[in-house]
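The values are calculated or read from the model by the stated rules, or taken from the named source; none is laboratory data. Since this is a predicted model, take the numbers as computed values, not measurements. Cβ placement follows ideal geometry from the backbone for every residue including glycine, while neighbour counts extend to all protein chains displayed.
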Amino acid sequence: MSARSGAATLAPMITAQALARLPGLRHGFLTRRGGVSGAPYDSLNRGLGSDDDPAAVGENRSRALARIGADGADLVTVSQVHSPNVVVVDDAWAPGEAPRADAMVTRRPGLALGILTADCAPVLLADAQAGVVGAAHAGWNGAVSGVLEAAVGAMEALGADRAAIHAAVGPCIHQPSYEVGPEFRDRFVAEDAANDRFFVPSDRPGHHRFDLPGYVAARLSALGLGAVEGSPADTCADAGRFFSYRRTTLNGGGDYGRLISIIQWAGDDT
């Protein structure tokens, strides 16, 4: 299907006030609704790495762009590997040539940056004064390895001022759904004893529940950004609105869809 047909059906999405109030900016955390994919991806799956029909994924991506008001824009995604790697995007790359990274930044108007998730935290960032935007995939490994700090540093290299950067952490797995083993908690506490505040005991002896969005927001706040906003939405607990790797695994496994979060510096076009 064409991007034009996608514009006719606007998929549900979540926005952040920290970003919505910035002039010249378009963004959105898209839910799983409003797409064309069949089971088990029902329905707005944007994951090219899934076993879904590529034509359906392409249509879903077009619908996602249309929903944020960026119909027909170049949508750039990376091959996400749970790393601290960040790339500066000047032009969209050809299909199959996406770099292995977990964050992108750009100062090119009109270019849309997209992050795919299915429980990890999508983070969208913008300095509207400098016209610089960024997007990061912050799973626990990428977050603890410094992907957020790397993204902010790359934005500064393009002219952004961290005190003017507004950041939004999108829907992701929340603490009640995120049980982890003792070695997981030990790694975080060994890095910084204060990280113990992101864990609470679970029902199983020796296990805890981890506050991923709280940890991500704390790392962002420590950078001295202008604003940091979170989302109350738990991807694992809300099967009606979100894809979730953990929920799929707990239900016996199989393939699963990917959510997309998009940010675009549109400048005077908004």
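Out of A73, A18, I need the residue that is touching a residue at least 60 places away in the same chain (Cβ under 8 Å), surrounded by fewer than 23 Cβ atoms within 10 Å (Cβ to Cβ) and within 17 Å of P171 (Cα to Cα). Which one?
Details: A73 fails: within 17 Å of P171 (Cα to Cα).
When all the criteria are applied, what remains is A18.
Which of the residues belonging to region 42-59 are free of Cβ contacts under 8 Å to residues at least 60 places away in the same chain and under 12 Å from L116 (Cβ atoms)?
Scanning region 42-59 gives L48, V57.
Counting just the residues of region 242-268 that are out of contact with any Pro (no Cβ under 7 Å at 6 or more places or on another chain) and surrounded by fewer than 15 Cβ atoms within 10 Å (Cβ to Cβ), which one comes out modelled with the lowest pLDDT?
D268
Which fully enclosed strands (runs of 3 or more DSSP E) of region 1-108 have 3 or more residues being touching a Leu at 6+ places or on another chain (Cβ under 9 Å)?
Answer list for region 1-108: 25-30, 103-106.
Tally time: how many residues in region 170-186 are within 24 Å of the chain's Cα centre (by Cα) and surrounded by fewer than 19 Cβ atoms within 10 Å (Cβ to Cβ)?
Selection size over region 170-186: 4.
So which of V105, V88 ends up being more than 25 Å from G257 (Cβ to Cβ) and in contact with a Ser or Thr (Cβ under 9 Å, 6 or more places away or on another chain)?
Residue meeting the stated conditions: V88.
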